[in-house]
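The structure appears right after this line, and notes come after that.
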Amino acid sequence: MLNIQRGVAASLLLLLVFCWWAYQPAVNGPFLLDDFSNLNALTGGVETFEDVRRYLGLGNAGPLGRPLSMLSFLINDNAWPSAPDAFKPTNLLIHLLTGVVLFSGLRLMLLQVMPRRSSEWLAILAVGFFLLHPMQVSSVMYVVQRMTLLAALFIAIGVFLHCYIRVKYPDLTVLSLVIMTFSAGMFTVLASLSKETGVLLPVYLLVIEFTFFSNKFESANFKWWRRIVLGIPAASLVMYLLNLPKWMASYGHRDFSFYERILTEPVILKDYLLQILSMKVYGLGLFHDDYPIYSSISNPVVLTSMLMILALIFVAVLKRKTWPLFSFGVLWFLAGHLIESTTVPLELYFEHRNYLSVLGVAIVLFAALQAMASNVSGAFWGIAPGLLLILGMSTYGYANEWSSADRLIPIWAAEHPESPRARRSYAQMLAVNGMYEEALLELDEGYREFPQDLSFPIMSLIFSCSAEKAYRYDVDDLIKRTEEHKATNSFRTTTTLLFQMMIDGHCQDLAAPMQKLVDEMPLLSNARFKRSLLSAISIKSGELYIVKGDYNSALLRFVNVDRRTPSASSAVRLSNLYLMMGELDLAVKFLQTAKDRSENSAWGLMEPRRSEYDKKLQWIRSAQAKLDEIESASPDFKESVDVN
């Protein structure tokens, strides 16, 4: 029962080769967006264990740090800058491996409700849909989505092992339950350390138990096992997501409220389903910040979407034993969205949230096609493989677009004209290609459409400086209108870039007004929710002051950063500045603070970093003792010495 037919195995191999071929044009494609902020942590190289600890503490990952995903990048390169074609083949291999594991688990699930031959071929078709759907390209060929891919792989392994034990050992002895507990726990942890959505593994397992295994004999021990090992984690997750006071108070940094998110997400789920079922390429991509926000439950679009989702859930629960394929498909799809499409204040729309959910849609689709074609001999086996062929060719065409930023960005900008990110990315592409005037015009138009977004005029200043063109925006005028703007991630990115250019000796005429703009940043309409963003800009501002020799102004910046977002690095920054200023006592104080903060951090403080702290502390204290000794012998000496 657990062996695979030769024809099925050969078909799976052919499917994997076809998928590999379909993605090849995109393998040499560019890094994009968050790739840079996450992989930039590789700067300086990662060679020692201490380098690994430093590297894992940097980047732009989630609340758990996603250490397994970050470590996986070291397979491809241990330094930055790097080449994207060193990373993308690994993503593709993970995608293919996930497909194999999903097939292995899915065929065991389907065996519970249909004959072996049918179960294996339906598993092949569903996994082929999963592997070849063009929506998956933005997960597989967007390097930083390694996090989504690895979490999905560990979830798939956990699902397979659960199904294998359930089929292989139907009596479910105590030993079997112990092994299942270990498997579920281990792969939930591994998936969660890849991406936080890994905690959904118990939910996926409950979906499987609720549908495919709902008619199997269940001992009392197994029922208790399911309640404790699967039910408690799943219920805890739901309770966490339903902690409404916590979530309602955490939307200050978003352009939408908690209520608006709850109304908008059902519409998005409906659109996800339509996008998956239509299998079209148009509209796909990374820029969905133009998605409409809904504010009223009486809106027909909101109301019909909510009713559709509720109806699907109702039917899936009601018919779970008679329509297990439908029930599994619906509940699997929704389980994949339990975290990222509900109460947590994430951005509204991302395609990668459907990475595993696509499988549920595929099961329902092929089951429906098989039912409709049951009266026509051979019709289903003519339609289904043809559908996979169309998917593969569509993905191949879409992968060609991903082969070059110069091809990809203009398409996304044309398809998403209301997306600020698409506008900025298109302007950036124009500037990189030397088309500065066109880039500046694009930014002007973007600022007219999004007047609260300061990144447009700041980016215009950067391009004008680089091309030695007249500035189109007066920083003093922007300062007067600070309250009209919002602090955004793009404002941080563009502003820190401009400060780095000034630190490197460019755009010096912008230095004074930009420092004044930093002074006014607390007036930004949402500044109180963007402490880390303001700190990042203040750090660059302080570094510019240091280059100019204005240590006191730099000190003011760094002190504000340490108060706003205290960390070991902020204390080290202050220690180094006090050292330059000759304030050795304060340099020791803040270096000791940095050491203490490192020891109290999640990763702790280990060798050789501890030795580095101790050596530097000893060196500063020794220098201070010598200066004190010299000063006591010659009181006028300290005034004449320049400590560096």
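The values are calculated or read from the model by the stated rules, or taken from the named source; none is laboratory data. All values derive from a computational prediction rather than experimental measurement. Note that each Cβ is placed from the backbone with ideal geometry, even for glycine, and that neighbours are counted across all protein chains shown. Accessible surface is based on the protein model in full, side chains and every heavy atom, while ligands, DNA and RNA are left aside. Shrake-Rupley method; radii C 1.70, N 1.55, O 1.52, S 1.80 Å.
Just a few scattered comments:
- Residues of segment 560-586 classified as surrounded by fewer than 17 Cβ atoms within 10 Å (Cβ to Cβ) and hydrophobic (A, V, I, L, M, F, W, C), total: 3
- Selection within segment 539-569 - touching a Phe, Trp or Tyr at 6+ places or on another chain (Cβ under 8 Å) and closer than 22 Å to Glu483 by Cβ: Ser541, Arg557
- Set Ser37, Ser11: member being hydroxyl-bearing (Ser, Thr, Tyr) and in contact (Cβ under 8 Å) with a residue 24 or more places away in the chain: Ser11
- Flag if Gly59 is farther than 18 Å from Lys195 by Cα and either aromatic (Phe, Trp, Tyr) or modelled with pLDDT under 95 (or both): no
- In segment 243-254, residue surrounded by the fewest Cβ atoms within 10 Å (Cβ to Cβ) [restricted to those that are part of a helix (DSSP H, G or I) and in contact (Cβ under 8 Å) with a residue 40 or more places away in the chain]: Leu244
- Members of segment 537-554 that are open to solvent by 30 Å² or more (accessible area, probe 1.4 Å) and of a type outside the set (S, T, N, Q): Ile539, Lys540, Glu543, Tyr545, Ile546, Val547, Lys548, Gly549, Asp550, Tyr551
- Of the residues Leu269, Leu263, Leu284, Leu273, the single one that is open to solvent by less than 60 Å² (accessible area, probe 1.4 Å), among the aliphatic types (A, V, I, L, M) and not in a helix (DSSP H, G or I) is Leu284.
- When segment 467-479 is filtered for residues that are open to solvent by less than 70 Å² (accessible area, probe 1.4 Å), without any contact (Cβ under 8 Å) to a residue 40 or more places away in the chain and either of a type outside the set (D, E, K, R) or assigned to a loop (DSSP other than H, G, I, E, B) (or both), the ones remaining, listed by number, are Ala467, Tyr473, Leu478.
- Flag if Ser298 is more than 15 Å from Leu334 (Cβ to Cβ), surrounded by 15 or more Cβ atoms within 10 Å (Cβ to Cβ) and more than 29 Å from the chain's Cα centre (by Cα): no
- Number of residues in segment 331-356 that are part of a loop (DSSP other than H, G, I, E, B), under 16 Å from Thr98 (Cα atoms) and of a type outside the set (Ser, Thr, Tyr) equals 2.
- Unique match (being open to solvent by 30 Å² or more (accessible area, probe 1.4 Å) and free of Cβ contacts under 8 Å to residues at least 60 places away in the same chain) among Pro522, Pro513: Pro522
- Screening Asp504 with (1) more than 30 Å from Ile620 (Cα to Cα); (2) acidic (Asp, Glu); (3) without any contact (Cβ under 8 Å) to a residue 24 or more places away in the chain gives one miss only, at (1).
- Within segment 404-413, the set of residues being within 18 Å of Pro134 (Cβ to Cβ) and open to solvent by 40 Å² or more (accessible area, probe 1.4 Å) comprises Arg407, Ile411.
- Looking across segment 414-443, the residues that are open to solvent by less than 20 Å² (accessible area, probe 1.4 Å) and either of a type in the set (A, V, I, L, M, F, W, C) or over 14 Å from Ser490 (Cβ atoms) (or both) come down to His416, Ala422, Ala427, Leu430, Ala431, Ala439, Leu440, Leu443.
- Thr482 being in contact (Cβ under 8 Å) with a residue 40 or more places away in the chain and of a type in the set (Ser, Thr, Tyr): yes
- Residues (of a type in the set (Gly, Ala, Ser) and at negative phi) located in segment 519-564: Ser525, Ala527, Ser532, Ser535, Ala536, Ser538, Ser541, Gly542, Ser553, Ala554
- Qualifying residue in segment 233-242 (condition: closer than 22 Å to Gly329 by Cβ, surrounded by 18 or more Cβ atoms within 10 Å (Cβ to Cβ) and aliphatic (A, V, I, L, M)): yes
- Exactly one residue among Val317, Val364 is part of a helix (DSSP H, G or I), within 19 Å of Ser119 (Cβ to Cβ) and open to solvent by 30 Å² or more (accessible area, probe 1.4 Å), and that residue is Val364.
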